[in-house]
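Q: After the structure tokens below, expect a handful of questions from me.
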Amino acid sequence: MKGFTLPGDLLLGSATAATQIEGGDEYVNWYAWSLQGKVGKGESSLTGADHWNRFREDIGLMAGMGHQCYRMSIEWSRIEPQRGRWSAEGIARYREELSLLREKNILPLVTLHHFSCPQWFQERGGWTSKGAVEDFLNFSRKAVESLGDLVNEWCTINEPNVFANDTYMDGKYPPGRRNDLASYFRASRNLILAHLDCYEMIHRVRKERGFPGETRVGMVHHLAWFESSRPGIRPRLGKALVTRLFQTLYFEGMVKGRLMLPLGLGHPRGKGIFCDFIGVNYYSRHLISRFGDIFFDPALNEEETTDLGWEIFPEGLGNVVRACWNRYKLPVYITENGLADESDGKRATFIRDHLRQLKELRDEGIPVMRYYHWSLMDNLEWNDGYGPKFGLVEIDYSTMERKIRPSGRYYAQICKSHFVKEDTHADIEN
Ligand code: FCB
């Protein structure tokens, strides 16, 4: 049979984030944002996929699909719904979920900040406020103290670049500011400092308490593959500018603890390496104009794009990982990679072709150690609402019934065998 084999120590699984699937939380800032009509077509974050109540069923699905690892996030507002008030119920619920994952031999990777915060934190000024880092650290410490025996792999902040951009420049995430560069930079600086402090804290707390397993802490970066829109010096300069503002600032800050202008100068927490792995979220290739505008190639046809119009460009995954490795020499986790594909006509091929990139990277000796497909199930695609379908598992929102898509079954065969069949339709019913 035609295909290729992935190394056995490359763990395969899927990823989600709390706000996108849990539902039912009135303390998270995305709920107030939904009430303002800013989510999809008047949709609500309260819906989610009811994972808060159905997590046992969802873990059963993962186990059945042969997942070896799972990236999830913890909702800050579930742990600290009001400032300084800890929710024993929220903590107990996450303990149950994490214990079940462990029981099923699915290694959890837990993200502390994935685009959401409690409404109280936002009302105090969110990531631009003076107390932001301290508030986030308090929550994170509580999370690690109360869940850290079950979790040895942590992501601090998900995609600080996308988060800061969509919150303070594009106005898509609450509180929806536009072209507010000062806030973009202040928040970015705070996110970097929060990562550095969390890195130290997670290692310290797990060590002090003697929690089992090797502690691994990383940041998760959105790395699109950037290309200049056409030859010439000006598009090249546009690309250099975007790369610095959107990628390098965060990398240097979170990996090396180094602040670059305009965020600051020097090493506020000392020199060192503040990541045990680099989390790469890869979706697409973007073109960049001489003005620094980021866009998709207008000449693309339907086969080359996802339901959201994002270009399908597997080589970009290899390119961004190679660039990371050459610069930082740290193990890489592919913390997100996937597509919106309601008809499920492209997902299996997408998975195969992106995994082929990982096989090549491993053959070159680059330690890519995890692949988390985005996403386990259909979910709330932030301001775009429930329209885009990213799931290996389809959700029927009228009944909350779960159904594994054919591509989910194809991926399950890969997870179980580490063999990637060339023919994405083969044995799909099994
Ligand atoms: C990433 C986000 C994730 C999801 C995917 C499609 O930027 O981290 O939550 O929305 O995009």
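The values are calculated or read from the model by the stated rules, or taken from the named source; none is laboratory data. Computed from a prediction, not measured in an experiment: that's the story for all the values here. Note that each Cβ is placed from the backbone with ideal geometry, even for glycine, and that neighbours are counted across all protein chains shown. We work out accessible area using only protein heavy atoms, side chains counted, and drop any ligands, DNA or RNA first. Shrake-Rupley method; radii C 1.70, N 1.55, O 1.52, S 1.80 Å.
Q: What residue among Phe277, Phe55, Phe291 shows peak mean-square fluctuation when the chain is described by a Gaussian network model with Cα springs under 10 Å?
A: The residue that fluctuates most here is Phe291.
Q: Just reorder Lys389, Lys142 by solvent-accessible area, largest first, 1.4 Å probe, all chains present.
A: On the way: Lys389 30, Lys142 60 Å².
My answer, sorted largest first, is Lys142, Lys389.
Q: Pairs to check: Lys207/Lys329; Lys38/Lys389; Lys2/Lys403; Lys104/Lys359. Give those whose C-alpha atoms are more than 23 Å from each other in this structure. Mind dumping the intermediate values first?
A: Details: Lys207/Lys329 25 Å; Lys38/Lys389 19 Å; Lys2/Lys403 28 Å; Lys104/Lys359 26 Å.
Distance filter (> 23 Å) returns Lys207/Lys329; Lys2/Lys403; Lys104/Lys359.
Q: Sticking with the crude label model, points 7 Å out along Cα→Cβ, report the distance from Glu145 to Arg234 in nm, one decimal please.
A: 5.7 nm
Q: Put Glu315, Glu336 in order of accessible area, largest first, 1.4 Å probe: what do you get? Mind dumping the intermediate values first?
A: Details: Glu315 85, Glu336 10 Å².
Reading off the accessible areas and sorting them downward yields Glu315, Glu336.
Q: Give me the one-decimal Kirkwood hydrodynamic radius in Å for the range 42-177, with the sum taken over alpha-carbon pairs.
A: On the way: mean 1/r = 0.0623 Å⁻¹.
Hydrodynamic radius (Kirkwood, Cα only) of the range 42-177 equals 16.1 Å.
Q: What does the accessible area of Trp76 come to, in Å² to the nearest 10, when a probe of 1.4 Å is used?
A: Number for this one is 0 Å².
Q: Given a cut-off of under 8 Å on Cα pairs at least six residues apart, what relative contact order in percent is computed for the range 278-430?
A: Working: 226 pairs, mean separation 30.8, N = 153.
Reported as a whole number, the value is 20 percent.
Q: If each of Lys403 and Lys130 carries a label point 7 Å out from its Cα toward its Cβ, how far apart are those two points in nm?
A: If labels sit at Lys403 and Lys130, their model points lie 5.6 nm apart.
Q: Calculate the radius of gyration of the Cα atoms of the range 51-108 to one decimal place, then report Dmax, the largest Cα-Cα distance, as a whole number, both in Å.
A: Both quantities, over Cα of the range 51-108: 12.6, 39 Å.
Q: Over the Cα atoms of the chain, what radius of gyration and what Dmax do you get, in Å?
A: For the chain, the Cα radius of gyration and maximum Cα-Cα distance read 20.4, 59 Å.
Q: What do you get for GluC sites (Glu not before Pro) in the range 1-79 restricted to DSSP loop and a cutoff of at most 16 other Cβ within 10 Å of the site's Cβ? Before the final figure, lay out the partial values.
A: Working: sites: Glu22, Glu26, Glu43, Glu57, Glu75; in loops: Glu22, Glu26, Glu43, Glu75.
Those satisfying the criteria are Glu26.
Q: Using 10 Å bins from zero, what percent of all Cα-Cα pairs in the range 280-430 falls into each bin?
A: Result, from short to long distances: 10, 37, 36, 15, 2, 0 percent.
Q: Next up: Where does the chain land at 222 nm, in deg cm²/dmol rounded to the nearest 500, when only DSSP H runs of n ≥ 4 count, each adding -39500 (n - 2.57), divided by all residues? Don't jump to the answer; show the numbers that get you there.
A: Values: 14 runs with 165 residues, N = 430.
My calculation for the chain gives -12000 deg cm²/dmol from helical runs alone.
Q: Here's another thing I want to ask about it. State the percent of C-alpha pairs, over all pairs in the range 230-309, separated by a distance greater than 19 angstrom. Mind dumping the intermediate values first?
A: Working: 1735 of 3160 pairs.
The answer is 55 percent, as a whole percent.
Q: Let me ask another. Provide the per residue accessible area, probe 1.4 Å, for the chain, rounded to a whole number of square angstrom. Each step should come with its number before you reach the end.
A: On the way: 16580 Å² over 430 residues.
Per-residue accessible area for the chain comes out at 39 Å².
Q: What does the net charge come to around Tyr31 if you take all other residues with beta carbon closer than 14 Å to its beta carbon, with K and R at +1 and D and E at -1? Each step should come with its number before you reach the end.
A: Working: positive: Lys38, Arg78; negative: Glu22, Asp25, Glu26, Glu43, Glu75, Glu123.
Local net charge: -4.
Q: Sticking with this one: Carbon and sulfur atoms: what percent of the 1.4 Å accessible area of the chain do they account for? Write out the running numbers ahead of the final one.
A: Values: 8130 of 16580 Å².
It is 49 percent, rounded to a whole number.
Q: If you add up the charges near Asp166, with Lys and Arg at +1 and Asp and Glu at -1, over every other residue whose beta carbon is less than 13 angstrom from its beta carbon, what do you get?
A: On the way: positive: Lys38, Lys172, Arg177, Arg178; negative: Glu159, Asp170, Asp180, Glu381, Asp384.
Cβ neighbours under 13 Å give a net charge of -1.
Q: Suppose R0 equals 41 Å. What FRET efficiency, 1/(1 + (r/R0)^6) with r the Cβ-Cβ distance, do Asn138 and Asp384 give to the nearest 0.05? Write down the numbers at each step before the final one.
A: Working: r = 32 Å, r/R0 = 0.77.
After rounding, the FRET efficiency stands at 0.80.
Q: In addition: Starting from the eigenvalues of the Cα gyration tensor, five times each then square-rooted, give me the equivalent ellipsoid semi-axes of the range 278-327, largest first, whole Å.
A: On the way: eigenvalues 93, 45, 15 Å².
Taking √(5λ) for each Cα gyration eigenvalue gives 22, 15, 9 Å.
Q: Among Gly232, Gly316, Gly176, whose mean-square fluctuation peaks in a Gaussian network model of the chain (Cα, cutoff 10 Å)?
A: Top of the fluctuation ranking is Gly232.
Q: Here's another thing I want to ask about it. Tell me, how many Å apart are the Cα centres for the range 293-336 and for the range 238-291?
A: 17 Å
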